[in-house]
1. Going through segment B:4-36 one residue at a time, which ones are buried (at least 19 other Cβ atoms within 10 Å of the Cβ) and hydroxyl-bearing (S, T, Y)?
2. Pairs needed: first member in segment B:37-62, crowded, with 18+ Cβ neighbours inside 10 Å; second member anywhere, basic (K, R) and modelled with pLDDT of 95 or more; C-beta distance under 6 Å; at least 6 residues apart or different chains.
3. Answer with yes or no whether B:A218 is crowded, with 17+ Cβ neighbours inside 10 Å, small (G, A, S) and in contact (Cβ under 8 Å) with a residue 60 or more places away in the chain.
4. Do we have any residue at all in segment B:304-323 that's of a type in the set (A, V, I, L, M), in contact (Cβ under 8 Å) with a residue 40 or more places away in the chain, within 14 Å of another protein chain (Cβ to nearest Cβ) and farther than 23 Å from A:V187 by Cβ?
5. It is to be established whether one or more residues within segment A:413-429 are among the basic types (K, R) and assigned to a helix (DSSP H, G or I).
6. What residue, of B:G204, B:G192, B:G154, B:G177, is more than 20 Å from B:T112 (Cβ to Cβ), more than 7 Å from chain A (Cβ to nearest Cβ) and over 22 Å from the mean Cα position of the chain (by Cα)?
7. Taking segment A:101-130 as the search range and keeping residues that are of a type in the set (G, A, S) and closer than 21 Å to A:G77 by Cβ, which one is surrounded by the most Cβ atoms within 10 Å (Cβ to Cβ)?
8. For segment A:326-354, which residues satisfy the criterion of being within 21 Å of A:A239 (Cβ to Cβ), in contact with an Asp or Glu (Cβ under 8 Å, 6 or more places away or on another chain) and either at pLDDT below 95 or hydroxyl-bearing (S, T, Y) (or both)?
2 protein chains.
Amino acid sequence: MDYHKVTEQELRRLREIIPEDRILTGEEIGEDYSHDELGGITNAPEVLIRVLSTEEISEIMKYANCQHIPVVVRGSGTGLVGASVALHGGIMLETTGMNRILELDTENLTVTVEPGVLLMELSQFAEENDFLYPPDPGEKSATIGGNISTNAGGMRAVKYGVTRDYVRGLTVVLPTGEVIKLGGKVVKNSSGYSLKDLMIGSEGTLGIITEAVLKLVALPKVSVSLLIPFADMDAALEAVPEIIKSKAVPTAIEFMERGTILFAEEYLGKKFPDSKSDAYILLTFDGNSLEQVERDYDTVAKLCIDRGALDVYIVDTDERKQSVWSARGAFLEAIKASTTAMDECDVVVPRNRVADFIKFTHQLAQEIGMRIPSFGHAGDGNLHVYLCRDEMEEKEWQKKLDTVFDAMYRKAEEYHGLVSGEHGIGFAKRRYLSRQYGEAQMRIMRGIKLAFDPNGILNPGKVV
Amino acid sequence: MDYHKVTEQELRRLREIIPEDRILTGEEIGEDYSHDELGGITNAPEVLIRVLSTEEISEIMKYANCQHIPVVVRGSGTGLVGASVALHGGIMLETTGMNRILELDTENLTVTVEPGVLLMELSQFAEENDFLYPPDPGEKSATIGGNISTNAGGMRAVKYGVTRDYVRGLTVVLPTGEVIKLGGKVVKNSSGYSLKDLMIGSEGTLGIITEAVLKLVALPKVSVSLLIPFADMDAALEAVPEIIKSKAVPTAIEFMERGTILFAEEYLGKKFPDSKSDAYILLTFDGNSLEQVERDYDTVAKLCIDRGALDVYIVDTDERKQSVWSARGAFLEAIKASTTAMDECDVVVPRNRVADFIKFTHQLAQEIGMRIPSFGHAGDGNLHVYLCRDEMEEKEWQKKLDTVFDAMYRKAEEYHGLVSGEHGIGFAKRRYLSRQYGEAQMRIMRGIKLAFDPNGILNPGKVV
């Protein structure tokens, strides 16, 4: 695709839409805007615009669409697959200034937000009002617009589902500049093809989310976590399908290995309650009465002890919760700090294949001579597996990366898993997506892209 | 669009794919296959094929796509908007023979079914295995394929959500005959545009569902209903947002008026527990302990009494539950039996606008001189409003139908509601959909249709 460059003439037009102090070019932009959190792909936009409203975005898109200027949207830039990188230069729209919580509707149990609200701001606002916004991805400084764009999942998906399940309505600026409203505060909807569900998880390639109506639930009155050590990862992970089978419905079931905990302790400068064992599962249970929550976690604790758990730590004080969950939240950063470079595999497999998949990554690590730590959401089958460069030469690293990714995605496919559980496809995982989906699905996705974005100007080179 | 007719030559080819005894033509087909449950639009297919497998459907579609023969899929034919009517003749595929429950996976909490399994068969199977399939539309003899195609909602949406929330994976035959797999047993998915969510609610226009992986939940151990009479509908419906606000989370909140109950009593030949009052709300609460369920319903019962409820009947015996819920299930048929012809409006509005909307339909009924009974899902804002012909002449009926539909959809729009909560758009509601959505959304939907069905052969003339 041949795109138009942003020259002085284009800047003059953009300054008619947006005040000059919110338009940055060249050196002013800053290196951070050339990459995302994982940094596998790097390119700078020609112009960075700090947008503040639906109307501004609509005007910019009308102009960019006419002129064939590529546009990419960026929230906090915490993505891991390069989805927010301006591959073709052009215009980058930064939405972090659109960070107002617009309305709490206690009769419809919804909150209406702008896309730049951070996940931590939203969850705090909800809790202050005695509500819970259930999606709970590890990266709390991500924007809610970014969370919707990747259909972020997080820890509580076992009980509560993912971001998709909490998006009731969206206001979207199309690549043509037209503004559409999808869904609303309504609970049911069978009114035509679900464009709302297409937007969710489309990684900024189909339209620009400028407002979201999100569903809230009542804040559970009680929440208790269990930290359960096992002698090895196999034993830990094999307990998980049994927990699911017991119908106890934990809020979260995370798994972690000793090595990752040690990195997190070092990274945070704080002790984890226990790090003597090789493998752990961390569960949360929530509900409205202590009896009910106790009944649930008792069942699970007994089940784990029967299956060889070494102990069961009850994490019920605020201090202990803080220490355990802040460590869990720091795993990605801690592993990143432990190596020279890394890449990530975010596969999702059926929950009863997690143990097999992790065993496979351990074998792969040995065979190929690469450190491959992992942690993740055992309860929903979504694994975060990290490929660490450590002391490798660039050439060796690239070669091994290819081999390992290839082997892991093939194994996931064999288990009827999918390429991404929650981090998306972006730029980095495109070829694995098209390999798994095949020609028919990719052709339909390209057709959908064309229906939304006939000139191919919005986030080109991503997903499809 | 110019379609190819089914002549002896086409039948010869079809008989090479499907045994002759499952191919019906002309008079053999039967009048039922010309319309759906509401019967607003009528047309016979040229050929009816009783399909039994993905492979058969794939072969038929490859041929039909080449020859430009229109194809429509029919389950039980319980639709209300003409979505399964063969508007352009051609081939009708009947899926009721594909009615096997293929697998119960207790480790992943999924059940895999063919599309012709009836909702009542699925829910019975789930309960026999100590699981619940939560979606609970009134029409229990609908197929699960039809439920997915309309994103059916049902009574339990207040607590459990709609069909969309329980579809984990689909096998789909595309209009081109290609077979694709969407989703799977995985709980999270951020792997490209969600074609699975596009298929759900697409009313047989984008592809043919031949297998579905559905999510189950643990069967709640306790379930209690409350029947609460009020002096009038306003008082009954105004209590509902307060119930939602109380965060008690009922499984269902239905509303019904005295007239509808009397029709149902007559239709079923059975007494309802109480029919002295003008308006009722019927709630269910479920959970794993009686104490918890009692706590929830106590809160709600007190709240309703405070707001003028005349009484609170606790429906906890199997016999009483049966009498109340079988009446609720018979409302549509009972109203249908009470008049010469009827049409339906299935709007969904934010939950706190239900009272206003129903008040509006009462005014409209008076002004226009038409009987407009209603019932529906007060807890999720999805209303079923019936326009009854009674003794009207055809011309008067058609004119008043137009006026009333027009007024109701405009009012729903004013309240930020949508055309259909769960029955879909099909043929009957197309113009209201396009009026509400406007050109940009309709253009995108047509583009999506084209991406799936380049020759426009699958269920033409529906939705878009």
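1. B:Y33
2. B:R50/B:R22
3. On the way: crowded, with 17+ Cβ neighbours inside 10 Å: no; small (G, A, S): yes; in contact (Cβ under 8 Å) with a residue 60 or more places away in the chain: yes.
Taking the combined requirement at face value, the residue does not satisfy it.
4. Residues of segment B:304-323 of a type in the set (A, V, I, L, M): B:305, B:309-310, B:312, B:314-315.
Filter once more, keeping what is in contact (Cβ under 8 Å) with a residue 40 or more places away in the chain: B:309-310, B:312, B:314-315.
Next cut, within 14 Å of another protein chain (Cβ to nearest Cβ) only: none.
No, segment B:304-323 contains no residue that is of a type in the set (A, V, I, L, M), in contact (Cβ under 8 Å) with a residue 40 or more places away in the chain, within 14 Å of another protein chain (Cβ to nearest Cβ) and farther than 23 Å from A:V187 by Cβ.
5. Just the residues of segment A:413-429 that are among the basic types (K, R), to begin with: A:429.
Next, from what is left, pick out any that are assigned to a helix (DSSP H, G or I): none.
Within segment A:413-429, none of the residues are among the basic types (K, R) and assigned to a helix (DSSP H, G or I).
6. Numbers: B:G204 fails: over 22 Å from the mean Cα position of the chain (by Cα); B:G192 fails: more than 7 Å from chain A (Cβ to nearest Cβ); B:G154 fails: over 22 Å from the mean Cα position of the chain (by Cα).
The unique qualifying residue is B:G177.
7. Going through segment A:101-130, the residues of a type in the set (G, A, S) turn out to be A:116, A:123, A:126.
Filter again for closer than 21 Å to A:G77 by Cβ, leaving A:116, A:123.
Details: A:G116: 23, A:S123: 18.
The selected residue is A:G116.
8. Within segment A:326-354, A:A327, A:R328, A:R351, A:N352 qualify.
The values are calculated or read from the model by the stated rules, or taken from the named source; none is laboratory data. Note that this is a predicted model, so its numbers are computed, not measured. Neighbour counts are summed over all protein chains in view; Cβ atoms, including those assigned to glycine, are modelled from backbone coordinates with ideal geometry.
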